[in-house]
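**Student:** If you scroll down you'll find the structure; I have some questions about it.
The values are calculated or read from the model by the stated rules, or taken from the named source; none is laboratory data. Here the structure is a predicted model, which means the values were calculated and not measured. So basically every Cβ, Gly included, is an ideal-geometry build from the backbone, and we count neighbours across all protein chains shown. Heavy atoms of the whole protein, side chains included, go into the accessibility calculation; ligands, DNA and RNA do not. Shrake-Rupley method; radii C 1.70, N 1.55, O 1.52, S 1.80 Å.
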Number of protein chains: 2
Amino acid sequence: MKAPANLAEKLATFTDRFSPRTVATYNDNDIMVAKLEGPFHWHKHEDTDDFFLVLSGTLDIELRDRTVTLNPGEVFVVPKGVEHRPVARGEVHILLIEPTGTPNSGDKATAAPRILV
Amino acid sequence: MKAPANLAEKLATFTDRFSPRTVATYNDNDIMVAKLEGPFHWHKHEDTDDFFLVLSGTLDIELRDRTVTLNPGEVFVVPKGVEHRPVARGEVHILLIEPTGTPNSGDKATAAPRILV
């Protein structure tokens, strides 16, 4: 059984952007923290929803028909199959949940590795 | 597709303790907020892990062999099958994730209803 994870402490262990770190697992999902800055690219996950909780900063999640803006303490779930582009206004810290093995970029060729911290 | 959920606003819609409210769904899981105060009872979930993120206050999660203490911004996942007893020091607000249909008490007879807010 893992120890509890302090999200701020885990975030302090790295500086790279768009490279989530796994802090815990829940059933077959990775519970991750990530630092985002600026735009990511358009992508979708065919097989899974995508859970975002903003911890600090402001994150726009662009969808093809609208943009969802998340401030700290706000949750949004992008349904599976829905194209989205996260755009961070400055530096943004998030809690992210995806099934273990899901490529964060929507494509295994460009996915960040899953790193446990 | 649901709107984003502001956790503080969702928490402000109710006052009862140990009665989680669903604010979003992720795959087949309920993303919930709950207000805890004092001790819950010993229970376990045979089929699922149990995800806790403390949003405010201090939560002890008693296990049979030790106690895990969570402050705001701290995550702990109780593995499936592991007996645990949450004990809130005063009022505690949490984000909780369990598969849809999981009885929060570990027993359908005593489970709080799943209420969407």
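**Student:** Which of (1) closer than 24 Å to residue A:110 by Cβ; (2) not in a strand (DSSP E or B) does residue A:65 not meet, given it meets every other one?
**Tutor:** Against the list (1) closer than 24 Å to residue A:110 by Cβ; (2) not in a strand (DSSP E or B), residue A:65 comes up short only on (1).
**Student:** Tell me the residue from B:82, B:54, B:87 that is under 21 Å from residue A:95 (Cα atoms) and not small (Gly, Ala, Ser), please. Quick ask: steps written out before the conclusion?
**Tutor:** Numbers: B:82 fails: under 21 Å from residue A:95 (Cα atoms); B:87 fails: under 21 Å from residue A:95 (Cα atoms).
Only one candidate qualifies: B:54.
**Student:** Applying the selection to the range B:1-53, what residues are open to solvent by less than 50 Å² (accessible area, probe 1.4 Å), more than 9 Å from chain A (Cβ to nearest Cβ) and assigned to a loop (DSSP other than H, G, I, E, B)?
**Tutor:** B:14, B:18, B:19, B:20, B:40, B:45
**Student:** Quick one: how many residues across the range B:71-101 are β-branched (Val, Ile, Thr) and in contact (Cβ under 8 Å) with a residue 60 or more places away in the chain?
**Tutor:** Here is the first cut: in the range B:71-101, the ones β-branched (Val, Ile, Thr) are B:75, B:77-78, B:82, B:87, B:92, B:94, B:97, B:100.
With the extra rule that they be in contact (Cβ under 8 Å) with a residue 60 or more places away in the chain, the set shrinks to B:94, B:97, B:100.
Residues flagged as β-branched (Val, Ile, Thr) and in contact (Cβ under 8 Å) with a residue 60 or more places away in the chain within the range B:71-101 amount to 3.
**Student:** So which residues in the range A:1-26 are among the basic types (Lys, Arg) and touching a Leu at 6+ places or on another chain (Cβ under 8 Å)?
**Tutor:** Applying the first criterion (among the basic types (Lys, Arg)) to the range A:1-26 yields A:2, A:10, A:17, A:21.
Hits for the range A:1-26 are A:17, A:21.
**Student:** Okay, moving on. When the residues of the range A:68-81 are narrowed to those that are under 19 Å from residue A:106 (Cα atoms) and more than 7 Å from chain B (Cβ to nearest Cβ), which ends up surrounded by the most Cβ atoms within 10 Å (Cβ to Cβ)? Spell out the reasoning first.
**Tutor:** Of the range A:68-81, the ones under 19 Å from residue A:106 (Cα atoms) are A:76-81.
When the remaining residues are screened for being more than 7 Å from chain B (Cβ to nearest Cβ), the result is A:78, A:80-81.
Numbers: A:78: 22, A:80: 13, A:81: 11.
Step by step, filter the range A:68-81, then rank; the result is A:78.
**Student:** Taking the range B:82-103 as the search range and keeping residues that are within 12 Å of residue B:44 (Cβ to Cβ) and outside any strand (DSSP E or B), which one is most open to solvent (accessible area, probe 1.4 Å)?
**Tutor:** Checked the range B:82-103; the qualifying residue most open to solvent (accessible area, probe 1.4 Å) is B:83.
**Student:** Look at the range A:54-67 and say how many of its residues are free of Cβ contacts under 8 Å to residues at least 24 places away in the same chain and either within 12 Å of residue B:6 (Cα to Cα) or open to solvent by less than 40 Å² (accessible area, probe 1.4 Å) (or both). I'd like the intermediate steps shown before the answer.
**Tutor:** Step one: list which residues in the range A:54-67 are free of Cβ contacts under 8 Å to residues at least 24 places away in the same chain, which gives A:63-67.
With the extra rule that they be either within 12 Å of residue B:6 (Cα to Cα) or open to solvent by less than 40 Å² (accessible area, probe 1.4 Å) (or both), the set shrinks to A:63.
Counting residues in the range A:54-67 that are free of Cβ contacts under 8 Å to residues at least 24 places away in the same chain and either within 12 Å of residue B:6 (Cα to Cα) or open to solvent by less than 40 Å² (accessible area, probe 1.4 Å) (or both) gives 1.
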